[in-house]
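See below for the structure under consideration.
The values are calculated or read from the model by the stated rules, or taken from the named source; none is laboratory data. Since this is a predicted model, take the numbers as computed values, not measurements. Here Cβ is always computed from backbone atoms with ideal geometry, including for glycine, and neighbour counts include all displayed protein chains. Side chains included, ligands, DNA and RNA excluded: accessible areas come from the protein's heavy atoms. Shrake-Rupley method; radii C 1.70, N 1.55, O 1.52, S 1.80 Å.
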Amino acid sequence: MSRPARVVIDRAALRHNYQLLRRLAGAARIMAVVKADAYGHGLLRVAKCLPDADAFAVVCLGEAEQLRAAGVRQAVVLLQGVYCVEDLERAAALGLDLVVHNRTQLDMLAARRPSLGKAAIWLKVDTGMHRLGFSPAELPAALASCKASQPGAAVRLMSHLATAHEPDHAMTRAQLQVFDGLCPDSDLARCIANSAALLTLPAACYQWVRPGLALYGVSPQASREGRDWGLRPVMRLESGLIAVRRLRAGEPVGYGADWRCPEDMPVGILAMGYADGYPRHAGSGAPILVNDRPCALLGRVSMDMLAVDLRACPEARVGDPALLWGRELPVERIARAAGAIPYELLCRVHKRLQFVDA
Ligand SMILES: *Cc1c(COP(=O)(O)O)cnc(C)c1O
């Protein structure tokens with residue numbers, strides 16, 4: 001048998017989540033965020049599962065190229081736009097939608113005037129997060145520059161919320177108010193909602209929404225889990241026992257020898273380490289299911305393996321299955337145990353794992 005560490009992608013769960021978000025979005029169109037290899041799930045696998053998404057959003061030009069090469073015909077949005085004129089030419093040739101968030105990008109468009117065909121320009125406005133975008137005061141000039149250099153292109157407004165994942169945050173209301181006040185007499189299409197806003201703020205849907213994390217069945221709010229929203233986790237991270245030890249009280253396990261058995265006990269070794277994407281900072285006690293029974297991580301996570309307390313599962317043997325995260329053990333819990341966020345854990349899952357479609 002090959003190394004048992006693997007990722008199982010539940011395509012039915014992905015479809016379920018998409019349809020749930022589709023209903024929440026009402027009349028708004030959906031830009032499915034598939035950056036970072038679809039949050040670790042596999043870019044093309046996810047895109048092929050969503051033939052009805054209105055657009056896909058990525059960050060890297062290479063990801064957009066992969067989508068086009070695979071025959072994806074929907075709009076593909078570059079969330080940070082382009083970084084140089086060579087990229088601008090390639091993006092235009094692929095018919096990609098461009099985010100334009102600064103003067104440099106406007107100037108590139110004005111200097112090169114590439115033919116964008118049916119692709120749209122998304123002018124990014126800084127409504128208060130202060131990461132990317134034109135200030136509301138700069139927007140009219142940016143808009144005029146776009147219209148002058150790309151008279152035929154659809155121009156739309158985009159912004160991003162800093163606090164939508166925190167329930168009822170005053171800053172979210174303030175950002176939405178700024179967004180509402182932009183270009184009051186225009187009929188420009190707008191997009192601001194990430195997963196958290198789509199799940200909690202119907203008024204933030206406008207004409208387009210752009211969920212990422214929720215598509216993969218995971219909660220953007222730290223205090224909740226995907227299932228609380230009716231979402232189903234798409235990724236399962238699985239492995240199996242490659243050793244079972246019966247250790248005596250006081251014996252150490254793993255690097256640093258700083259975890260010691262409190263009593264005579266069985267300890268399992270799983271083929272799963274930080275090089276696979278399991279977080280090294282998950283401490284002793286992080287939950288792991290062995291044979292569907294709740295067990296716990298112990299000691300330090302190694303590059304290619306980790307140790308698990310088998311006292312709750314004393315009959316476990318080499319070859320038995322373990323679940324690191326998935327439906328019965330939401331990744332939100334592992335993120336909490338590791339002082340991380342689920343986004344990080346999902347997109348760090350390593351390509352050396354076997355990927356299997358369910
Ligand atoms: C990643 C990203 C999203 C998706 O955010 P989620 O919280 O995963 O829904 C939306 N918009 C932008 C600009 C992003 O970079």
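Being within 15 Å of the ligand (Cβ to nearest atom) and either under 30 Å from residue 222 (Cα atoms) or assigned to a helix (DSSP H, G or I) (or both) is a condition met by no residue of region 135-146. The residue pairs whose first member lies in region 180-202 and is closer than 19 Å to residue 32 by Cβ, whose second member is among the aliphatic types (A, V, I, L, M) and surrounded by fewer than 17 Cβ atoms within 10 Å (Cβ to Cβ), and whose beta carbons are closer than 9 Å, counting only pairs six or more residues apart or on different chains, are 189/154. State yes or no: is residue 139 of a type in the set (A, V, I, L, M) and either open to solvent by 10 Å² or more (accessible area, probe 1.4 Å) or within 25 Å of the chain's Cα centre (by Cα) (or both)? No.
Identification of strands (runs of 3 or more DSSP E) wholly contained in region 14-107 with 1 or more residues that are free of Cβ contacts under 8 Å to residues at least 40 places away in the same chain, open to solvent by less than 50 Å² (accessible area, probe 1.4 Å) and closer than 17 Å to residue 123 by Cα yields 55-58, 75-78, 97-100. Look at (1) over 24 Å from residue 14 (Cβ atoms); (2) among the hydrophobic types (A, V, I, L, M, F, W, C); (3) assigned to a loop (DSSP other than H, G, I, E, B) and you find that residue 288 fails only one, number (3). Scanning region 171-215 for residues that are under 15 Å from residue 160 (Cα atoms), in a helix (DSSP H, G or I) and of a type in the set (Gly, Ala, Ser) gives 174, 195, 196, 197, 203, 204.
Considering only residues that are part of a loop (DSSP other than H, G, I, E, B) and β-branched (Val, Ile, Thr), look in region 292-324 and name the one that is least open to solvent (accessible area, probe 1.4 Å).
Of region 292-324, the ones part of a loop (DSSP other than H, G, I, E, B) are 292, 299-305, 310-320.
So of that shortlist, the ones also β-branched (Val, Ile, Thr) come out as 301, 318.
On the way: 301: 5, 318: 96 Å².
Among them, the one singled out is 301.
The residues of region 242-280 that are at pLDDT 95 or above and open to solvent by 80 Å² or more (accessible area, probe 1.4 Å), listed by number, are 242, 245, 246, 248, 255, 260, 262, 263, 264, 274, 280.
I'd like the residue in region 207-230 that is more than 21 Å from residue 122 (Cβ to Cβ) and within 9 Å of the ligand (Cβ to nearest atom) and, out of all such residues, is surrounded by the fewest Cβ atoms within 10 Å (Cβ to Cβ). Explain how you work it out, then say what you get.
Our first condition is that a residue be more than 21 Å from residue 122 (Cβ to Cβ); within region 207-230, this holds for 216-230.
Among the residues that remain, those that are also within 9 Å of the ligand (Cβ to nearest atom) are: 216, 218, 220.
Numbers: 216: 31, 218: 29, 220: 25.
Selected residue: 220.
Of the residues in region 276-295, at least one is more than 28 Å from the chain's Cα centre (by Cα) and polar (S, T, N, Q). Filtering region 183-205 to residues that are open to solvent by 10 Å² or more (accessible area, probe 1.4 Å), of a type in the set (Ser, Thr, Tyr) and within 13 Å of the ligand (Cβ to nearest atom) leaves only 200. The single condition among (1) within 16 Å of the ligand (Cβ to nearest atom); (2) in contact with a helix residue (DSSP H, G or I) (Cβ under 8 Å, 6 or more places away or on another chain); (3) not aliphatic (A, V, I, L, M) that residue 325 does not meet is (1). Scanning region 163-182 for residues that are surrounded by fewer than 21 Cβ atoms within 10 Å (Cβ to Cβ) and closer than 15 Å to residue 130 by Cβ yields 163, 171, 174, 178. Being within 16 Å of the ligand (Cβ to nearest atom), open to solvent by 50 Å² or more (accessible area, probe 1.4 Å) and in contact with a strand residue (DSSP E or B) (Cβ under 6 Å, 6 or more places away or on another chain) holds for only one residue in 132, 123, 157, and it is 132.
The single residue among 335, 316 that is within 26 Å of the chain's Cα centre (by Cα) and not basic (Lys, Arg) turns out to be 335.
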